[in-house]
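What follows is a short report on a single structure.
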């Protein structure tokens, strides 16, 4: 188990190194510049060199790369080109809060409702329950979340006037974006859970449980759910990452000062260091989540636990 | 209902709604179960035997199955109409059930301890510590060593046989009055089957449980049952004590079932029942068996026969027992077969012809699989044998012994790790150009185990059969190709109309015939049949085996027949090789092997096979092998069988036994046998 963990961590570090290198050189290939070239051209040659030197842009590419990597190892993502005098890490730190709040809420809401819908649909297979749950699921996948967000804003925000429409002031501001974000999750999880559940209900051990005289409700939560959830965990990774790191569209619509809107802004202005920092942050977050999920498998599925222990 | 009768089923009707219509799976079943007795329900797939047992437990899928009529009386209550809540109290405490496949019957994410105590917590209101204590006792009762540690383990840490013991422990947890076992040994190897049957008998003796066992295996019935009910097309056609049903069968279907079972002593053709069971969406009007019954009377097609009483316990539903029916002698073969059981007839010397021209020579063949982490799976380890032209060589052994790998390696589906295979004096393995390969492929064909998975569902039967003809360019014109397909279909007992249909339109037995036709299409010399009948019902098995024997005679084919069913392999093979854990332990003519097995493993294997003869079955001494098969990736040193061998000596651990000819044409690998 320990060995497995170490190997995984080494793999993660290698992955991140490759991503950092790739984004660094790709960034440098991009046309355009983070600075207003017109204004820069008004400066004298000397002043301009001084300006470049301030951001380390006067050195050859290879040296810039070595410097960037050196700083990276020390946890320094560099200074933003756009937000003057601000570290990229500080920027991320300041912006992650709202995104993480929305993400955690949307994941919890989406998983809870999605799993419940899926289980109900499976147990009431081919009944009105099943059909209604699956209609919700199809709608959730097919309606783009910005359309749903706009509907929410109009009806709940404007007509009913019970929640703030598009500004970030208190906890109540997070409710509508959370709901808008979770719709997709509900839909995906409900469909997936239903299918897995139907599969599990066909298994012989469900009959064994019934033959023991276990009441139906207990059969569900003691025998069925755990087995049905094992595959559901697989799709947990990508969902968690995409939600926790902020949704570009939803954050824009609801005016959330999150990490998603920071990303959009930095791309607009060619803020190299911020883009690189965010890409790296996303990647690191993704690989770590996948690691946690793989470890989670072991907790839920004893067959995996044992083979891990042998390693 | 008298005091002795525990359970009584009256006029039970069960139907299933399907897209095609209502399937009348059980049509008026009557049966009873007395205290402490074992009732066997025998029948082929679709006969309604499992549905009957699940109805008693009310375990049928509630959305499609329905008990239409009848009552199931248990201790004065009618289970057919009991509310679900009340039924839950009976399940697992008064009546419990053992299922067929121990690999899937246990929840993979729960410790076996928790699975055993579940019913104790529900029904007996024990606290968890008491329940766990009881679980450990139960595991000991069903013969699981180190129960204290095993109770905390998960199902995947147990072997198949051990899991079935756990399933039995779960069923016994609350000391039920009735135990229903639905094909409890079908998924197990024969030596493990013997252990489990023994365990069930032992438990019945200790706890006085009444058992209903559902099975298709008449050997198992003869071994364990007190009474038998034979089911066909949703009805019980004959019922009586085992002795009555086995020694004085009255219904033609029972004759057919008994006749289609090979036993160890006969070489004659099996009595196959022609055709296949009726469609239960529109069940036939009269006797459902009439269509397949060579003795059918006119009345059989018109009116359903009632149960005719023969003795207090013996009943049969056939018009042949009516006073006005013509006297019909039971097929002679059947009686002869039974007679030979008690005194085996000496085989004529002529039958043992010593063939001398080897078609295939296998020398020190090894096939290892790399299973990662520097581990090797020694699937086949050092085999040496010949297959003679025109003979059938049977290869028998338990699952994981390497018999299928051997077959595939002979066919060059796998490349050999070491050693060589000569086919007509030419090496099979090693580099070959494509025309040599094609030539070889034409001469060697295979028949597969699963007739459902081995035929491409999107091709017509004609295209499936003719694929080989096309590849090898055996037909000049389209007309020629069609004629060949027709001929092949007729050869395997199908007809021309079948050529344009798709595989799903056929039954299992018919599909296996298509598989045989496909193999024959390229006019091969050698056919490897890998468990060709194990997925089929008994009566259909006999049809396929008879067909294979006939084809061999007509075309001079050579067979390698791989199976785990010892009686069937004895029936079809000229010589038999017994494999254990990747190596061959004994090879001899089938008569020699069965009459005088030399290797302790062969002896145990033979003694474990239940024979369809209750008297012999109940009187004979069994050699029950302890424990499970060791893992082929880490086999025991020296002789691989030594860990389970009752005669193991010191030398066995030190060196592998030599492959020697102990008697003329009788090869064996064992230290305690001298040549």
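Points to keep in mind about this one:
- Partner chain coverage, peptide B:294-305 - average Cβ within 10 angstrom: 0
- Among A:63-75, B:285-297, sorting by the average number of other beta carbon atoms lying within 10 angstrom of each residue, highest first, gives B:285-297, A:63-75.
- Spin-label proximity, residue B:376 to the stretch B:634-657 - amide N less than 13 Å from point 7 Å beyond Cα toward beta carbon: B:634-635
- In this rough spin-label picture, where each label sits 7 Å from Cα along the Cβ direction, the residue B:152-residue A:168 distance is 4.9 nm.
- FRET efficiency, 1/(1 + (r/R0)^6) with R0 51 Å, evaluated for residue A:296 and residue A:59 via beta carbons: 0.70
- The stretch B:484-564: C-alpha gyration tensor shape, a/c 1.5 cut-off, then a/b vs b/c: oblate
- Note on the stretch A:2-73: the alpha carbon radius of gyration divided by the globular reference 2.2 N^0.38 Å gives 1.57.
- Residue-averaged 222 nm ellipticity for chain A, from DSSP H runs of 4+ at -39500 (n - 2.57), nearest 500: -24000 deg cm²/dmol
- Sorted by Cβ density within 10 Å, fewest first, the residues A:156, B:380, B:237: A:156, B:237, B:380
- Other protein chain C-beta atoms within 10 Å of residue C-beta, averaged over B:101-109: 6.
- The stretch B:24-95-the stretch A:229-244 distance, computed between alpha-carbon centres (Å): 44 Å
- Note on the stretch B:564-613 and the stretch B:464-497: Cα centroid distance 37 Å, given to the nearest whole angstrom.
- Helix-only [θ]222 nm of chain B, DSSP H runs n ≥ 4, -39500 (n - 2.57) each, per residue, nearest 500: -9500 deg cm²/dmol
- Radius ratio Rg over Rh of the stretch B:355-420, counting only Cα atoms, Kirkwood formula for Rh: 1.01
- For the stretch A:116-159 versus the stretch B:392-418, the inter-centroid distance based on Cα atoms is 55 Å.
- Chain A: C-alpha gyration tensor shape, a/c 1.5 cut-off, then a/b vs b/c: oblate
- Overall form of chain B per C-alpha gyration tensor (a/c, 1.5; a/b vs b/c): oblate
- Shielding of A:212-222 by partner chains, average beta-carbon count, 10 Å: 5
Rule-based calculations on the coordinates, nothing more; no lab input. The structure presented is a predicted model; accordingly, all values stated were derived computationally and were not measured. Glycine gets a Cβ as well: all are built from the backbone with ideal geometry, and neighbour counts include every protein chain shown.
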